[in-house]
Structure formats: C-alpha cells, structure tokens
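What follows is one structure encoded as structure tokens, with my remarks underneath.
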Amino acid sequence: MKSTFPSGILVRSSGPPGHGSCFEIFKNLSTNVTTMGVKDILHDREVLTRLNAFLVIYFGWIVFGLIYPVIGRYSVDLTAQFLKLPLTSYAFVSGLLTFAKSHVLLYYSMRAIYFVGFSGSIALTVAFLLLYKKDFRASDELFIRYLGLYTVSGAIYCIFHIYAPHVVYNLPVKSLTGTYLTQQEFVLPSLHNAIATANAVTLWKHRKDPIAKVIIFLNMMVPVVTLFLGHHWIYDIITGIALALIISKLTEGYRLKVPSSLRSIQISELRKITAFSIIFATIVLIIAANPSLYSSLLQRLLGTP
C-alpha cells in the first residue's frame with residue numbers, strides 16, 4: 001500500500017551472516033560507485049537514459065496518487081466484505097502489533113525497514129544494478145516490472161479498494177497519512193510488497209555479491225514488517241507477491257528500446273536533463289512527504305492569512 005520516503009531510524013543490523021552491518025554494506029555500495037568513476041557514469045548514454053526512465057515512472061506514480069481522489073471517486077469500497085475473511089480480526093491484527101512492540105529492538109528494526117522499504121529499496125536496487133554493476137539487461141527487466149506493477153495496481157485501485165488494518169482499527173501506527181506519497185486506499189494488492197518481490201527476483205542473479213545479499217534480505221523482510229506493523233493485511237501481501245512473480249516471469253529477457261530521437265540528444269544535454277530530473281525529484285519527494293508544512297511556509301511567504 002505504501003509509497004514511502006526513506007526516513008526513520010537508522011539501525012545497525014547484521015543482515016545475512018558474515019557480511020557486516022547494513023550501514024557498512026550501503027557505505028561500500030556508495031564508495032564502490034564513486035570509485036567506479038562518476039565521470040564514467042556521466043558519460044555513459046545507456047546509464048543516463050535508463051536512470052531518467054526510472055525517474056519518469058516513479059514520479060508518474062506520484063502523479064497518479066495526486067489525481068486518484070478524482071479518478072478513483074467511483075472505486076468501490078470492499079472493506080466491510082473483506083473483513084469477513086479469516087485473519088482480518090482486530091484480535092489478530094492488534095496481537096501482531098503488540099508482539100512487535102513488546103520487543104523494542106525488533107520493533108524499531110521493523111520500522112526502519114518499513115520506511116526504507118519502498119523508495120529506499122527502489123533507489124538501492126537501481127543504484128546496484130544500473131550504476132554499480134551496469135547490468136543493463138537486469139535494469140531493463142526491473143524497469144518494465146515496475147511499470148507493469150504500477151499499471152496493474154493503479155487499475156485495480158480505480159475499480160475497488162480496501163483500507164489498511166491500522167486505518168480500520170485505528171491502531172497506534174506511524175503511517176504516511178497526510179502526504180502525497182500514498183493514498184490510504186492503496187492496499188490490495190500491496191504495491192510495497194510487489195516492488196520488494198520484483199527487486200529480490202531481479203537481484204537474484206547477483207545473490208553471491210555481499211551487497212546484493214543485504215538488499216535482497218531487506219526486500220524479503222518487507223512482507224513480515226508490513227504485516228506485524230499493521231500496514232497490510234496478509235491477503236495484500238500474498239496478492240502483491242503473486243502479482244510481482246507473474247509480471248517478473250512475463251518480462252524475463254525484456255530489453256528497453258530507446259527511441260532514436262532520444263539517442264540523437266547530445267550527451268552534454270542528456271547530463272543536464274539528468275541533473276535537473278534528480279534535483280526536481282528530490283524537491284518533489286521532500287514536499288510530498290510533508291505537504292502541509294511547505295504549504296504553510298508558502299502561505300507565510302506570500303502573506304496569505
């Protein structure tokens with residue numbers, strides 16, 4: 001359900017045995033990308049083109065979230081019927097949350113993984129495949145998988161929707177309500193879990209790489225985390241995983257076909273476009289994460305009462 005901005009608490013975690021802390025792995029990824037040569041990346045048309053493609057579809061999803069209140073007005077609310085299914089009771093959902101909260105380290109580790117889980121997992125996976133490994137085939141597969149998941153999930157949300165457990169039962173859960181990063185109706189299938197599954201499947205070919213192991217581990221923890229923190233029903237998780245597996249199977253071997261018009265763009269111009277896209281993306285994410293704050297600041301600057 002959630003489209004999250006990577007924030008929250010940084011927790012040192014051992015991850016897969018023998019591979020150091022998550023912090024160390026991410027630091028190594030950053031260092032390796034830097035030593036690989038930022039200059040090389042900035043002069044690589046294939047990398048820049050794909051990086052812009054990922055940015056376009058991600059922010060296309062944010063735009064969908066913004067206009068959903070209009071285009072999703074006829075979406076049928078099936079929450080009442082959904083609650084007749086087993087494993088949807090208040091006792092079951094609150095029991096999982098209570099168990100998680102009773103183990104402080106476990107709880108805050110789960111929260112950290114959850115808030116890194118969507119945007120963070122996308123950024124880490126794209127950085128690993130595209131910038132670090134320069135695995136264009138895997139990057140292309142990941143791109144079409146994201147596009148497929150966004151398209152299918154968006155179409156479903158426009159037809160019917162179900163509210164999250166913490167919304168239905170008013171659970172004491174820190175969520176992203178009041179942001180433009182998600183809508184409370186984006187629950188079944190769970191796009192959060194679908195993206196995590198697509199990431200893990202695409203990264204699997206690199207599973208012997210210690211950095212890939214940690215990113216896969218984080219993605220595989222998303223179903224557990226979203227269930228125990230009350231963000232998703234178990235059925236959301238199952239359908240999200242199933243959807244990702246189906247789309248991943250159908251898109252094996254996909255290669256991104258770049259229009260000739262884009263290939264004719266000078267590399268210097270493509271670098272400018274990429275820089276603008278990244279800066280714009282960062283600004284949009286910051287504002288979308290807390291729109292009320294920036295709306296208030298803007299009103300003050302304009303002198304609006």
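Where the centroid of each part is defined by its Cα atoms, how far is region 74-96 from region 145-166 in Å?
For region 74-96 versus region 145-166, the Cα centre distance is 17 Å.
Local charge sum around residue 57 (other residues, Cβ-Cβ under 12 Å, Lys/Arg +1, Asp/Glu -1)?
Cβ neighbours under 12 Å give a net charge of +2.
Might you work out the accessible area of residue 156 for me, using a 1.4 Å probe with all protein chains in place, and round it to the nearest 10 Å²?
So the heavy atoms of residue 156 present about 40 Å² to solvent.
Under a point spin-label approximation (7 Å from Cα along Cα-to-Cβ), what is the residue 238-residue 134 distance to one decimal in nm?
4.5 nm
Between residue 184 and residue 205, what's the calculated FRET efficiency when r is the beta-carbon distance and R0 is 30 Å? Round to 0.05.
Given R0 = 30 Å and the Cβ-Cβ separation, E is 0.25.
Normalising by the residue count of region 194-251, find the relative contact order in percent from Cα pairs under 8 Å and 6+ residues apart.
Values: 39 pairs, mean separation 26.7, N = 58.
The value is 46 percent.
How far apart, in nm, are two points set 7 Å out from the Cα along the Cα-to-Cβ line at residue 256 and at residue 108?
3.8 nm
Please state the Cα pair-distance histogram of region 123-225 with 5 angstrom bins from zero: what percent is in each bin?
2, 11, 19, 20, 18, 13, 10, 5, 1, 0
Once fully extended, how much extra length lies between residue 63 and residue 174, figured as 0.36 nm per residue of separation less the alpha-carbon to alpha-carbon distance?
Full extension of this stretch gives 37.6 nm more.
Dividing the Cα radius of gyration by the Kirkwood radius, what Rg/Rh value follows for region 182-255?
1.01
Please report, largest first and rounded to whole Å, the three semi-axes of the ellipsoid equivalent to region 51-109, where each semi-axis is the square root of five times an eigenvalue of the C-alpha gyration tensor.
Equivalent-ellipsoid dimensions as semi-axes: 33, 24, 8 Å.
If R₀ is 25 angstrom, what is the calculated FRET efficiency for the pair residue 268 and residue 151, using the beta carbon separation as r and rounding to 0.05?
The value I calculate is 0.15.
The values are calculated or read from the model by the stated rules, or taken from the named source; none is laboratory data. Note that this is a predicted model, so its numbers are computed, not measured. Here Cβ is always computed from backbone atoms with ideal geometry, including for glycine, and neighbour counts include all displayed protein chains. Heavy atoms of the whole protein, side chains included, go into the accessibility calculation; ligands, DNA and RNA do not. Shrake-Rupley method; radii C 1.70, N 1.55, O 1.52, S 1.80 Å.
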